[in-house]
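The values are calculated or read from the model by the stated rules, or taken from the named source; none is laboratory data. Keep in mind that what you see is a predicted model, and the values were worked out from it rather than measured. Every residue, glycine among them, receives a Cβ derived from its backbone with ideal geometry; neighbour counts consider all protein chains shown. These area figures cover heavy atoms from the full protein model, side chains too; ligands, DNA and RNA do not enter into them. Shrake-Rupley method; radii C 1.70, N 1.55, O 1.52, S 1.80 Å.
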Amino acid sequence: MISGLVSRVVQAAVVAILVAAVAFFVLQAAPGDPLSALVENPSVSPALVAAERARLGYDRPAAVQFLSYVSAAAGGDLGYSASLGMPVSRVIGAALPHTLLLMGTAILVSFAVGIALGVAQAARAGTVFDRAASAVSLFLHSLPEFWLALVLLIVLSGRLHLFPGGGLETLAVAHSSGWHWFLDRLHHLALPALTLVLLTTAGVARFQRAALLEVLPRDFVRTAVAKGLSRRRVVLRHAWRNALLPIVTLLGLALPALVGGAVFVEQVFSWPGMGRLVVTSIERRDYALLTGCLLVGGVLVAAGSLLADALALAVDPRQRRANRD
Amino acid sequence: MTPPPKGADAPGAEAPLLSVTDLRTYFHTNNGVARAVDGVSFTVAQGETVGLVGESGCGKSVTALSLMRLIQSPGRIEPGSSVRFEGTELLTLSEADMRRVRGNRMAMVFQEPMSALNPVFTVGDQIAEVARIHSRASRRDAWRQAVAMLELTGMPAPEQRAHEYPHQLSGGMRQRVLIAMALMMNPALIVADEPTTALDVTIQAQILELLADLQRRTGTSILMITHDLGVIAETARRVIVMYAGEVVEQSAVGPLFATPHHPYTEGLLAAMPRMGRRRDRLRVIPGTVPPPTDWPTGCRFRARCQYSWDRCANEHPPLYDLGDGRRSRCHLAVEPGRRAHPHEPLAAQAVPAR
């Protein structure tokens with residue numbers, strides 16, 4: 001079991017390095033570099049640009065640049081963001097907690113609600129409740145996230161004024177006492193999180209329903225009934241524990257999807273997280289920042305699937321043996 | 001259709017532990033109504049082992065599940081059926097009261113020891129759960145009882161095994177787990193549905209011996225459901241033979257093996273390999289059980305029978321009383337002379353010779 005986890009940690013590290021390589025070389029392949037904009041500027045001489053290029057190392061072969069990038073990144077140095085005028089690690093260090101807060105909230109709520117809904121549906125499969133819930137979740141599942149985000153923003157914030165229109169916090173409250181500050185943060189978090197929750201919950205509920213329906217006709221469920229257990233205990237303890245594995249797998253897949261979805265949602269709600277940083281860095285051709293964002297995103301995804309693997313081991317005793325052999 | 005006889009051959013005044021009367025379990029499917037169990041009556045006395053035999057599709061497993069009320073939709077136990085157990089009518093009990101019977105007074109040992117156990121819980125946990133539900137035992141007490149039960153079933157190293165998961169155990173060990181689970185509350189009746197079918201022969205013998213031994217010690221009754229007459233010969237005192245959703249013969253084990261009355265029983269015995277009897281090949285009963293949506297009129301075994309005559313096509317045979325507690329659903333009971341003139345069964349004629 002331990003050796004299995006170790007090998008997965010190694011796998012995750014390899015994935016992260018590959019992501020960095022892809023991010024780096026794709027950007028290298030794109031025409032121009034961070035100094036290209038200066039070439040058009042009549043007050044900057046070409047010689048100066050060339051000298052600056054040499055000083056920053058942009059004239060070296062791509063492979064050499066990559067190696068020096070990776071060795072620096074391993075030490076926590078992700079380069080310097082030209083557009084924001086500070087080290088990339090500091091920029092990301094400021095944005096990452098906001099994204100983690102948003103994603104963490106979205107995952108926690110959507111999986112809790114999605115699992116509960118899916119189980120309730122499977123236990124009453126075929127009823128009006130089940131059909132209605134399926135229809136609603138299919139509808140939500142098929143919505144594009146930026147559209148849903150905009151609609152929620154326009155209706156709940158613009159028309160009804162129930163929530164702030166964006167940002168992390170109200171400036172006036174930002175430095176006030178703990179409880180007040182917490183409520184204000186929560187108020188700002190609600191809409192972007194709700195957007196992601198609505199989209200993800202639908203998928204989780206559909207998955208959970210299907211997984212449980214697949215388990216319910218199995219022999220051991222009948223054994224549980226024959227033991228004299230209540231239906232509640234049969235479904236929630238015996239069947240559900242066996243229908244949890246697909247959900248754990250889904251969790252591993254949901255992380256990358258949420259990272260991607262967060263790009264739009266953060267943009268719509270002006271949420272100062274990684275998604276907005278990606279958009280900013282592309283707009284400003286800030287290669288160092290973009291590469292750093294992609295690398296951190298890759299690490300997040302790898303860490304997510306690592307977490308899913310670890311959970312799968314906890315949920316299914318049969319996998320433990322498979323790893324021991 | 002002739003009404004089936006009420007009750008059965010309990011000689012004393014004492015009411016039998018289990019008394020099934022006119023049990024009908026129908027499956028209402030899109031292809032029509034499958035009458036899987038169609039008017040079955042029998043009894044099981046205190047401490048008795050009764051064998052229920054028949055080939056696949058004859059309704060014996062559905063009968064077992066009906067006793068525990070484990071029939072799932074589209075299956076339904078039809079009104080008018082009766083299952084009396086320990087003086088209580090089970091079919092009209094509330095679901096909550098029925099739960100107090102299941103696993104407590106009446107327990108079931110299932111056929112497939114691999115799939116019948118939950119893969120994500122330890123076997124000790126699964127056995128202990130029975131005591132935690134029915135006697136509200138503490139976690140620690142229930143676990144101790146579970147280990148004691150495993151030991152009783154002859155499980156080697158029961159304390160360690162209790163901590164293992166089903167996939168870590170052999171088929172025989174898993175069957176011991178299921179038996180331990182069934183015995184946990186010292187039930188009055190164990191319904192064993194093909195308990196040895198999935199096991200290899202040496203383990204089969206061990207499990208049967210174990211069941212017989214446990215029965216001697218605890219005095220529980222056993223309804224042993226099997227397609228294997230060998231299992232019946234080793235364990236049961238009385239046999240009920242089922243065919244096409246009906247009881248076709250009832251008898252004590254000795255007379256049934258010596259002089260089977262119903263042609264179906266005769267066929268089952270002839271199809272059974274036996275020591276000391278040299279024969280080049282085993283006889284098989286020609287044809288198959290007809291589909292339960294479409295039982296033939298008259299005698300349901302007619303097409304596969306080597307004695308059938310016109311009466312069998314026209315008249316559904318009642319369960320004739322042959323005396324000495326024997327019953328047979330065959331018109332040979334009233335026209336015994338016909339047995340002297342066997343012929344090729346219709347089902348064998350229909351199939352071209354290979």
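Among the residues of region B:176-208, the ones that are open to solvent by 10 Å² or more (accessible area, probe 1.4 Å), without any contact (Cβ under 8 Å) to a residue 60 or more places away in the chain and closer than 16 Å to B:Ala107 by Cα come to 2 in all.
Taken as a whole, the condition of being acidic (Asp, Glu), over 19 Å from A:Ala116 (Cβ atoms) and open to solvent by less than 10 Å² (accessible area, probe 1.4 Å) does not apply to A:Glu283. No other residue among A:Ala202, A:Ala120, A:Ala132, A:Ala190 is assigned to a helix (DSSP H, G or I) and crowded, with 20+ Cβ neighbours inside 10 Å apart from A:Ala202.
The rows are residues; the columns are (1) at pLDDT below 85; (2) of a type in the set (D, E, K, R).
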position	(1), (2)
A:Leu245	no, no
A:Leu253	yes, no
A:Ala257	yes, no
A:Ala262	yes, no
A:Gln267	no, no
A:Val279	no, no
A:Ala288	yes, no
A:Arg321	yes, yes
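Here region A:223-233 is the region considered, the condition is being in a helix (DSSP H, G or I) and surrounded by fewer than 21 Cβ atoms within 10 Å (Cβ to Cβ), and the residue that is farthest from the other protein chains (Cβ to nearest Cβ) is A:Arg232.
Right, A:Ala125: open to solvent by less than 60 Å² (accessible area, probe 1.4 Å) and not in a helix (DSSP H, G or I) or not? Explain how you work it out, then say what you get.
On the way: open to solvent by less than 60 Å² (accessible area, probe 1.4 Å): yes; not in a helix (DSSP H, G or I): yes.
Taking the combined requirement at face value, the residue satisfies it.
In region B:209-224, what count of residues is obtained for those that are open to solvent by less than 10 Å² (accessible area, probe 1.4 Å), of a type outside the set (Val, Ile, Thr) and not in a strand (DSSP E or B)?
Initially, region B:209-224 is screened for residues open to solvent by less than 10 Å² (accessible area, probe 1.4 Å), giving B:211, B:214, B:220-224.
Those left that are additionally of a type outside the set (Val, Ile, Thr): B:211, B:214, B:221, B:223-224.
Adding the requirement that they be not in a strand (DSSP E or B) leaves B:211, B:214.
Number satisfying all stated conditions: 2.
Among the residues examined, A:Leu78 qualifies as outside any helix (DSSP H, G or I), touching a Gly at 6+ places or on another chain (Cβ under 7 Å) and under 16 Å from A:Ser281 (Cβ atoms). Give me a count of the residues in region B:93-148 that are closer than 20 Å to B:Leu65 by Cα, within 8 Å of chain A (Cβ to nearest Cβ), open to solvent by less than 10 Å² (accessible area, probe 1.4 Å) and assigned to a helix (DSSP H, G or I). Number of matching residues: 1.
Which is part of a loop (DSSP other than H, G, I, E, B), out of contact with any Cys (no Cβ under 7 Å at 6 or more places or on another chain) and either more than 23 Å from B:Val62 (Cβ to Cβ) or modelled with pLDDT of 90 or more (or both), of B:Ala353, B:Ala347? First the steps, then the outcome.
Details: B:Ala347 fails: part of a loop (DSSP other than H, G, I, E, B).
The unique qualifying residue is B:Ala353.
Just name the residue that is most open to solvent (accessible area, probe 1.4 Å) out of those in region B:286-330 that are among the hydroxyl-bearing types (Ser, Thr, Tyr) and over 17 Å from B:Leu346 (Cβ atoms). First the steps, then the outcome.
Going residue by residue through region B:286-330, those that are among the hydroxyl-bearing types (Ser, Thr, Tyr) are B:288, B:293, B:297, B:307-308, B:320, B:328.
With the extra rule that they be over 17 Å from B:Leu346 (Cβ atoms), the set shrinks to B:293, B:320, B:328.
Numbers: B:Thr293: 59, B:Tyr320: 36, B:Ser328: 0 Å².
That would be B:Thr293.
Of the residues making up region A:237-250, those that are within 13 Å of another protein chain (Cβ to nearest Cβ), among the aliphatic types (A, V, I, L, M) and assigned to a helix (DSSP H, G or I) number 3.
Among what's in region B:154-169 and is in contact (Cβ under 8 Å) with a residue 24 or more places away in the chain and of a type in the set (Gly, Ala, Ser), pick the residue that is least open to solvent (accessible area, probe 1.4 Å). Before you say what the answer is, go through the steps one by one.
Step one: list which residues in region B:154-169 are in contact (Cβ under 8 Å) with a residue 24 or more places away in the chain, which gives B:154-155, B:161-167, B:169.
Narrowing the set further to residues that are of a type in the set (Gly, Ala, Ser) leaves B:154, B:162.
Numbers: B:Gly154: 45, B:Ala162: 0 Å².
That would be B:Ala162.
Only one entry of B:Pro273, B:Pro255, B:Pro318, B:Pro292 meets the criterion of being under 28 Å from B:Ala198 (Cα atoms), of a type outside the set (Ser, Thr, Tyr) and touching a residue at least 40 places away in the same chain (Cβ under 8 Å), and that entry is B:Pro292. Of the listed requirements (1) open to solvent by less than 30 Å² (accessible area, probe 1.4 Å); (2) free of Cβ contacts under 8 Å to residues at least 60 places away in the same chain, A:Arg237 misses just one: (1).
I want to confirm something. Restricting to region A:135-167 and keeping residues that are aromatic (Phe, Trp, Tyr) and in a helix (DSSP H, G or I), which single residue is modelled with the lowest pLDDT? Step through it out loud before you land on a result.
Just the residues of region A:135-167 that are aromatic (Phe, Trp, Tyr), to begin with: A:139, A:146-147, A:163.
Remaining after also requiring in a helix (DSSP H, G or I): A:139, A:146-147.
Working: A:Phe139: 90, A:Phe146: 82, A:Trp147: 88.
Across region A:135-167, the extreme among qualifying residues is A:Phe146.
Of all the criteria given as (1) away from chain A (no Cβ under 14 Å); (2) more than 16 Å from B:Pro195 (Cα to Cα); (3) touching a residue at least 60 places away in the same chain (Cβ under 8 Å), the one not satisfied by B:Pro79 is (3).
Run down A:Phe111, A:Phe66 and say which single residue is part of a helix (DSSP H, G or I), among the aromatic types (Phe, Trp, Tyr) and touching a residue at least 60 places away in the same chain (Cβ under 8 Å).
Details: A:Phe66 fails: touching a residue at least 60 places away in the same chain (Cβ under 8 Å).
Unique residue meeting the criteria: A:Phe111.
Is it true that B:Glu151 is outside any loop (DSSP other than H, G, I, E, B) and open to solvent by 10 Å² or more (accessible area, probe 1.4 Å)? Yes. When A:Ser43 is tested against the conditions (1) surrounded by 12 or more Cβ atoms within 10 Å (Cβ to Cβ); (2) not in a helix (DSSP H, G or I), the lone failure is (1).
One residue stands out in region B:53-92 among those that are among the charged types (D, E, K, R) and within 28 Å of B:Glu266 (Cα to Cα): the one that is most open to solvent (accessible area, probe 1.4 Å), namely B:Glu55.
The single condition from (1) part of a helix (DSSP H, G or I); (2) in contact with a helix residue (DSSP H, G or I) (Cβ under 6 Å, 6 or more places away or on another chain); (3) under 30 Å from A:Thr170 (Cα atoms) that A:Pro272 fails is (1).
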